[in-house]
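What follows is calculated from the coordinates using simple rules that are stated; it is not laboratory data. Quick caveat, the model's predicted, so the values are computed rather than measured. Because the Cβ atoms are built from the backbone with ideal geometry, glycine has one as well, and the counts that use them run over all protein chains shown.
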Amino acid sequence: MITYALLFAFACFGAGLLFNLWRIAVGPDVADRILALDTMVINAIALMVLYGIWRGTAVYFEASLLIAMVGFISTVAYCRFVLRGDIIE
């Protein structure tokens, strides 16, 4: 039963990644693209956690934490660049 649930979750988060990619390509504003990139990072983290559950190892959980930190920092830096024109003051 858990296999079917994992496959369904993989499909849902994969579809979410495709929708985010569409929003990045078609997004009418820069803020929409930033939000889509941030959501894309969250979906990638979810896929890594699901893969870690499927494989039964904790390595993917640690990798997803690293990706979460890098994704947060990159989102903040990109928003700061859009608002101020520079990242470091």
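With the gyration tensor restricted to C-alpha atoms of region 2-84, the semi-axes of the equivalent ellipsoid amount to 27, 17, 5 Å, longest first. Its relative contact order, with pairs defined as Cα atoms under 8 Å and 6+ residues apart, puts the chain at 25 percent. Here r is the Cβ-Cβ distance between Ala5 and Thr75 and R0 is 30 Å; the resulting FRET efficiency, rounded to 0.05, is 0.50. The peptide list 75-88, 20-33, 40-53, put in order of mean Cβ contacts within 10 Å with the highest first, becomes 40-53, 20-33, 75-88.
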